[in-house]
Structures are given as structure tokens and as C-alpha cells.
Protein chains: 2
Amino acid sequence: MGKQLRHHFGGGDLRAGRRKKGSFYYFFKSKSELTAAALEAEWNKNKANMDALFSPTVPPLERFDRYFDYVHDHLAELQEKCGSILGCPMLSIGSEVSTQDQGVRATVERIWDRKIKYFESAIRDAHAQGLIVAPDPQAKARALFACYHGTLAQARIQNDVELLRDFKQAAMDVLGVKHEHAASS
Amino acid sequence: MGKQLRHHFGGGDLRAGRRKKGSFYYFFKSKSELTAAALEAEWNKNKANMDALFSPTVPPLERFDRYFDYVHDHLAELQEKCGSILGCPMLSIGSEVSTQDQGVRATVERIWDRKIKYFESAIRDAHAQGLIVAPDPQAKARALFACYHGTLAQARIQNDVELLRDFKQAAMDVLGVKHEHAASS
DNA sequence: ACCAGTCTTGACTGATCAGTCAACTATTAT
DNA sequence: ATAATAGTTGACTGATCAGTCAAGACTGGT
């Protein structure tokens, strides 16, 4: 019904950055599908890095140490660029939409399970070497993961990366590191 | 400009539950002010309960035990009523708006500081009694608090209260409880 | 040249959101 | 009784949101 008559109006109702969103729906059928795809893409981008940080060639407790350092540095860098701490995107997104968007929720859970596996095998290795006491590596991994995410959330809300520095000690406590084996940072 | 002529239209643009929001702004000048007020009100409602749970008459490690039990039971109850875990409202709200709404952010931080004081004094008492080693009770309290919130967030996203049950062990590890003093739940 | 498939465009819909407002009603003090 | 004060109402604004759509542009194959 005469849409061709309207092209000469300046696009008054959409601002500059918004004009091209039409083709978005050619690739994603919904916003929530994009969210899930973005989280998966993020994971793929980081996987090689995680593999390196948690390489079996690194002493198990040092893996955590390096990982926590890496995340700290990464978030500190982002903080400089954009003024505020981003925290863990999956936690932020997850706690916002998990009750309304099952697709995104399932994606977050799936990726978390994969991340926890790194923790789990490092814990198992540490236990095997007698560095810690962890008869149930999976439970310990989940607990440590939850603690870490709590710290990330706090750091985000208080906009203070230094909370992540303090976490290393708590992590060693959660792991049950015997004092004489503590990895120095 | 003739608003009195419009009263005979059925309120077409507002649905039933929405009709009376006009007077809201008589009491609050913005939505964010309501949010902050609601969080403060929640705190006031719970304060007496916190005081009882963390009463100095209770052995220090048992305070945590009772507190974690209380939160678990409370969330389990709410889950039955509304189908999904609510987690900690301050964490959910905080991680959603903390970068955009300084008023709410400050309120969350303020209330958290108050809550952390309960943890801190329990930790100090436990340390004094030789139950744990905690030379810096405030740091330990903050670490435990962060870990707990991480677990709450996970529980919410995975919609599973049982994660809170498992937290007790992690809490004892974070606290550095000497084995022979562990409080039984 | 022309056709089919791939991709882009921006105006459009309809819903919802935070917030405003002038007119109205209820309460209270005098 | 009356006047001031406190509180209520719902239509209204303007912004933004997720999502649709018909029209067109770009591509490679024949």
C-alpha cells in the first residue's frame, strides 16, 4: 500500500546506529538466539586460551593461579577501555534472563559445564599429587567455580578489580591447599 | 485542552493492573528510588532475624550453619510458591543496573556492608576461640560473602536449591575450619 | 541477458516503559 | 462549613523495544 511513496522521508524514527537492523533477522530468528550464539562464539574464541592455561604440563595449582591472573588482567584492561567492570557475561545475562529464556539459560549451563571440567581435572591432578585433599573433584570444582563467580559479581557491582586479587587466597582455601604447597603468585 | 472530554473512553492503553500507577510518583520520584527503598525495607524486615541468627550467644561457626540453613529453607519455600529460585535480590538487581544506576548500586553496597559485619564478627569470635585461623576477619568475611553470593547466583540460574546445601562444606573450607571443630549440620 | 539465490534496507507495527499532568476525591484542622 | 492538605486517577507523551515486511541490490551460474 504505497510504501514506495515514503522513501523520501528522512528516517525519523530510527537513529543512525539502528537503521540496518532489518537484516539481522535474516541470520537469527530472535534476539535470544543471537544471545546464545554470541555466548557460544565467545567460548570458541577463548577455548584455545583455556586449553593453554589448564594444560596438563602446568603444575595443577599453578593452573588456577595463571587463570585467575589472566581473568584479572583481562577485566582490568576492559575496565580501562569502557569505564566499568564487565564481570562474567554469562553470569550477568544468566541472572537477568534465566527465568524467562530457557534457550539462553541452557546455553549458559552448557558452557559452564565445559569450564568446570578444566577446574575438575586440575583438582584431580592436585589431589593425585597430594597437594590437596579432594575426594570429590567435581563437587570441589563446582564449589570453586561458584565462589569465583560470586567474586566476579561483587567486583562488577563494586567496580573494583582488586577484589579479584584477593580471591586467590580464598581459592586456595576452598581447594584445601596444604600450606606448604601453596603456589606463589 | 479538553481532557475532561476523554474520560468516557475506556482506558484502552493501560491494562487492568496498570491503571493506578499515577499516584506512585506522589511517593517516589523515580523507579530507581523505589528500588532503593524496597531494598532498604527488605533489610529492615530481616534485620531482627539476622540479629538472632548471629547472636553472640550462638557458637560462632554454628551461626553460619544456621544462617545458611535459613536461607536455604527460605528460598526453597519461595521456589515452591513461584516456580523458580529468586536468589539474592540485591545480586540480581545489582548486576543488572549497577553500571547505570548509582543510587541503587550504592544502596546494595551499603546493605552488603552491614551484612558482612555479621560474618566478620562471627569470624573474629571463631578465631578468638581457636576454631579457625583468620588473622584478617574482614577480608575473610568478604571472601565468604562473595563465595556465598556466587553459589546463590548459580542456584538461581540452574534453578536448583540443592547447590546451597553443598555450599556448607565450601564455607567451612573458606573459613579454614580445623577439622575437629567442624559444626555438624 | 536473465534468472535464482543470497543478502540488505528502512519504514512499519504494536507493545511496553518511565514519567507527567490536570482534574478529581478524601481527610484533616480550624 | 470551609479551606487547606494529602492522596488518587487515568489519559497522555515520547522513547525504546522486538520483530515484520515488501522492495530492492548484489552475486554467481547459464
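Placing a label point 7 Å from Cα along the Cα-to-Cβ direction at B:GLU42 gives distances to the equivalent points in the other copies of 2.3 nm, listed shortest first. Helix B:102-128 axis versus longest C-alpha principal axis of chain B: approximately 20°, rounded to the nearest ten. If you take all other residues with their beta carbon under 12 Å from the beta carbon of A:ALA76, and give Lys and Arg +1 and Asp and Glu -1, the sum is -4. B:LYS81 label point (Cα plus 7 Å toward Cβ) to equivalent points in the other copies: 4.3 nm, shortest first. The residue in chain B that lies nearest, by its beta carbon, to the axis linking chain B with chain A is given here with the distance in whole angstrom as B:GLY150, 1. Under the convention that each Lys and Arg Cβ holds +1 and each Asp and Glu Cβ holds -1, the size of the dipole of the stretch B:43-87 around its Cα centre is about 220 debye. Taking the helices alone, chain B has a mean residue ellipticity at 222 nm of -22000 deg cm²/dmol, built from -39,500 (n - 2.57) per DSSP H run of at least 4 residues and averaged over all its residues.
Shortest first, B:PRO59 label-point distances to identical copies amount to 3.7 nm, with the label point at 7 Å from Cα along Cα→Cβ.
The mean number of Cβ atoms from other chains found within 10 Å of a Cβ in peptide B:153-164 is 5, as a whole number. For chain B, taking a cut-off of 4.7 Å between Cβ atoms, the unpaired cysteines are B:CYS82, B:CYS88.
Among A:GLY87, A:GLY150, A:GLY22, the residue with the largest mean-square fluctuation in a Gaussian network model of chain A, with springs joining Cα atoms closer than 10 Å, is A:GLY22. Taking Lys and Arg as +1 and Asp and Glu as -1, the other residues whose beta-carbon sits under 11 Å from that of A:VAL161 total -4.
About its Cα centre, the protein assembly as shown has a charge dipole of approximately 2300 debye under the convention of +1 per Lys or Arg Cβ and -1 per Asp or Glu Cβ, with nothing else charged. Near A:ILE132, the amide H atoms lying under 5 Å from its own belong to A:HIS127; only residues 5 or more places off or on other chains count, and H is placed 1.01 Å from N. Here the stretch A:31-178 is assigned +1 on the Cβ of each Lys and Arg and -1 on the Cβ of each Asp and Glu. Its dipole about the Cα centre then comes out at about 300 debye.
Between the alpha-carbon centres of the stretch A:30-86 and the stretch B:109-185 there is a gap of 26 Å. Exposure proxy ranking for B:SER55, A:SER23, based on other Cβ atoms within 10 angstrom of each Cβ and starting from the fewest, stands as A:SER23, B:SER55. Toward the positive end of the charge dipole of the protein assembly as shown, with +1 on the Cβ of Lys and Arg and -1 on the Cβ of Asp and Glu, the farthest Cα among A:ILE111, A:THR57, B:ALA106 is that of B:ALA106. Note on chain B: dipole from Cβ charges, positive end direction compared against B:LEU163, B:PHE68, B:TYR25; the farthest Cα belongs to B:TYR25. For peptide A:167-173, the mean count of partner chain Cβ atoms within 10 Å of a residue's Cβ comes to 5. In terms of surrounding Cβ atoms within a 10 Å radius of their Cβ, B:ARG142, B:ARG66 rank from fewest to most as B:ARG66, B:ARG142. Positive end of the dipole of chain B (Cβ unit charges, origin at the Cα centre): among B:TRP43, B:LEU175, B:VAL97, the Cα lying farthest that way belongs to B:VAL97.
Bear in mind these aren't lab numbers, they're just calculated from the coordinates by the rules spelled out. Since we're looking at a predicted model, the values are computed, not measured. Neighbour counts are summed over all protein chains in view; Cβ atoms, including those assigned to glycine, are modelled from backbone coordinates with ideal geometry.
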